[in-house]
Amino acid sequence: MKLNTVVRPTLLSLLFLLSACSSNVKHLVIAPEVLTPGNSSLTAKSLNISTSDLRPAQHMLQILKKDQAADVITSQSSLAEIIDNALTSAYKKSGTQVTPAGSNVLNLAINKALISVNQSMLKYNASNAIVLSISIDNGEKTLTKSYRSSGKSEGPLQADIAVLERDFNQQLSKLISNIVNDPQLIEFMR
């Protein structure tokens, strides 16, 4: 009898731990891959980059179903950190010196970054939007500019999260590439 009373709490604890492990914590893998030309006219310039997330909610994906609470999914780490790292890497690849004491100060704000899925029993409609704003101070003047990307998709049954994630990463990669290769910004930072 004593063995049974010892085993029962242990089994309950084990079942509790297994059920906790089996609950699937979902995160989107946001990993933009930015292509930059190897030779850029920014080679000797220095840049200080800071990124902030101004979105009212921090989730990246919301799945809306009629008469149910929305399912929300975040990214695996801070979106501001992901974009900051991608932007810094892209500028370094283009020959720019990225340093806290940079002569040009680039502030990037994430205004919107969301995939929204309306899910019904037999189909889904998805839309995504990314809005990034930048301001660059070159010591004399400040330039502000916005970059936007959006897309829509629909299909039968349930939305494939991996496809939505891939599309979002492609859009984000293109926006960051557009910032790094923007002739107006390159000229402004000279």
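Answer yes or no: is there a residue in the range 16-27 that is at pLDDT 85 or above and either outside any loop (DSSP other than H, G, I, E, B) or closer than 30 Å to Ala129 by Cα (or both). If you could, list the steps in order and put the result at the bottom.
As a first pass, look at the range 16-27 and keep what is at pLDDT 85 or above: 27.
Next cut, either outside any loop (DSSP other than H, G, I, E, B) or closer than 30 Å to Ala129 by Cα (or both) only: 27.
Yes: the range 16-27 contains one or more residues that are at pLDDT 85 or above and either outside any loop (DSSP other than H, G, I, E, B) or closer than 30 Å to Ala129 by Cα (or both).
Return the residues of the range 121-143 that are over 30 Å from Arg166 (Cα atoms) and either assigned to a strand (DSSP E or B) or of a type in the set (S, T, N, Q) (or both); say none if nothing qualifies. Steps first, answer last, please.
Within the range 121-143, the subset over 30 Å from Arg166 (Cα atoms) is 137-143.
Residues satisfying the conditions are Asp137, Asn138, Thr142, Leu143.
Scanning the range 151-190 for residues that are in a helix (DSSP H, G or I) and among the polar types (S, T, N, Q), which turns out surrounded by the most Cβ atoms within 10 Å (Cβ to Cβ)? Reasoning before the result, please.
So in the range 151-190, the residues in a helix (DSSP H, G or I) come out as 161-180, 183-188.
From what is left, the residues that are among the polar types (S, T, N, Q) are 169-171, 173, 177-178, 184.
Details: Asn169: 16, Gln170: 14, Gln171: 20, Ser173: 18, Ser177: 18, Asn178: 14, Gln184: 10.
That would be Gln171.
Could you run through the range 57-97 and say how many residues are surrounded by 17 or more Cβ atoms within 10 Å (Cβ to Cβ) and aliphatic (A, V, I, L, M)?
Residues that pass the stated criteria total 11.
Of the residues Ile82, Ile110, which is free of Cβ contacts under 8 Å to residues at least 60 places away in the same chain and part of a strand (DSSP E or B)? Full working, then the answer.
Numbers: Ile82 fails: part of a strand (DSSP E or B).
So the residue among Ile82, Ile110 that is free of Cβ contacts under 8 Å to residues at least 60 places away in the same chain and part of a strand (DSSP E or B) is Ile110.
Determine which single condition Thr88 fails, assuming it passes every other condition in (1) closer than 30 Å to Lys141 by Cβ; (2) modelled with pLDDT of 90 or more; (3) of a type in the set (S, T, N, Q); (4) in contact with a Lys or Arg (Cβ under 9 Å, 6 or more places away or on another chain).
Tallying (1) closer than 30 Å to Lys141 by Cβ; (2) modelled with pLDDT of 90 or more; (3) of a type in the set (S, T, N, Q); (4) in contact with a Lys or Arg (Cβ under 9 Å, 6 or more places away or on another chain), Thr88 fails exactly one: (4).
The values are calculated or read from the model by the stated rules, or taken from the named source; none is laboratory data. Model, not experiment: these values are computed from the prediction. Please note: Cβ atoms are built from the backbone with ideal geometry, for glycine as well, and neighbour counts cover all protein chains shown.
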